[in-house]
Amino acid sequence: MAYYPEQQLTNDEEIISRAIPSLWQYMWIILILGIIGGSVTFGITTVIAALWIYLGVKSQQIALTNKRIIGKYGLISRVIVDQPLSRVSSVTTEQSFFGRIFGFGIVGLKGMGGEVVPIPGISKPDEFRRQVSNNIG
């Protein structure tokens, strides 16, 4: 499977950084399937959870280029992000309690029109936010 952001690059555009999806964002799936499935079907539910997590991580591809933030995420529904850096007015991060513990969160891109585009489930969201902020200058 080709990396989505690379397929979208223009001639004079290059990837500066990639947002790495966090496996920890999917741990709720294992917990729920473990509770529902119980110990009898634990093996089956673990395989289903592992497949779901694998597909979720593979479907999340976000990159910062020298011109924009591009990518896609979502397993069942799909979100495409294509935000020119010149149109980003601010970048925020949001982390839940478990997100802070396990190092994942949401990066929000606020456009000139005031709309915030959330990019969920990123490992080290503060690092990605800093990289974006350094390039919107």
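Which FRET efficiency value, to the nearest 0.05, is calculated for residue 20 and residue 75 with the Förster distance at 30 angstrom and r the Cβ-Cβ distance?
Efficiency at R0 = 30 Å is approximately 0.95.
What net charge do the residues around residue 24 carry, taking every other residue with its C-beta under 13 Å from that of residue 24, with Lys and Arg at +1 and Asp and Glu at -1?
On the way: positive: 100, 124; negative: none.
Net of charged neighbours comes to +2.
How would you rank 127-134, 63-70, highest first, on the average number of other Cβ atoms within 10 Å across their residues? Let's see the in-between values first.
Values: 127-134: 17.1, 63-70: 20.5.
Packing order, densest peptide first, comes out as 63-70, 127-134.
Divide by every residue of the chain the summed helix terms, -39500 (n - 2.57) for each DSSP H run of at least 4, and state the resulting mean residue ellipticity at 222 nm, rounded to the nearest 500 deg cm²/dmol.
Calculated mean residue ellipticity at 222 nm is -11000 deg cm²/dmol.
Cα atoms only: what Rg and Dmax, in Å, come out for segment 55-127?
Rg, Dmax (Cα atoms, Å): 12.3, 33.
Give me the 1.4 Å probe accessible area per residue for the chain, excluding ligands and nucleic acids, in Å².
Solvent-accessible surface per residue comes out at 60 Å².
Under the rule of at least 5 residues apart or a separate chain, name every residue whose amide H is placed under 5 Å from the amide H of residue 65.
16, 70
How high is the relative contact order of segment 68-131? Use alpha-carbon pairs under 8 Å, at least six apart in sequence, and give a whole percent.
After rounding, I find 25 percent.
Can you run phi through the Karplus equation (6.51, -1.76, 1.60; θ = phi - 60°) for segment 15-22 and list ³J(HN,Hα) in whole Hz, with x for Gly and Pro?
Listing the rounded values in order: 7, 8, 7, 10, 7, 8, x, 9 Hz.
I need the phi-derived Karplus couplings for segment 106-113: 6.51 cos²θ - 1.76 cosθ + 1.60, θ = phi - 60°, integer Hz, Gly and Pro marked x.
10, 9, x, 9, 9, x, 4, x
Note down the relative contact order for the chain as a percent, whole number, built from C-alpha pairs under 8 angstrom at least six residues apart.
It comes to 23 percent, rounded to a whole number.
Please give the length that would be gained between residue 96 and residue 58 if that part of the chain were fully extended, namely 0.36 nm times their separation in residues minus their C-alpha to C-alpha distance (nm, one decimal).
Working it through step by step, the gained length comes to 11.4 nm.
Within 14 Å, Cβ to Cβ, of residue 62, how many net charges do the neighbouring residues add up to if Lys/Arg are +1 and Asp/Glu are -1?
Around residue 62, the charge tally is +4.
The values are calculated or read from the model by the stated rules, or taken from the named source; none is laboratory data. It should be emphasised that the depicted structure is a prediction, and the values quoted were computed from it without experimental measurement. Glycine gets a Cβ as well: all are built from the backbone with ideal geometry, and neighbour counts include every protein chain shown. Please note that ligands, DNA and RNA were not included when accessible areas were found on the heavy atoms of the full protein model with its side chains. Shrake-Rupley method; radii C 1.70, N 1.55, O 1.52, S 1.80 Å.
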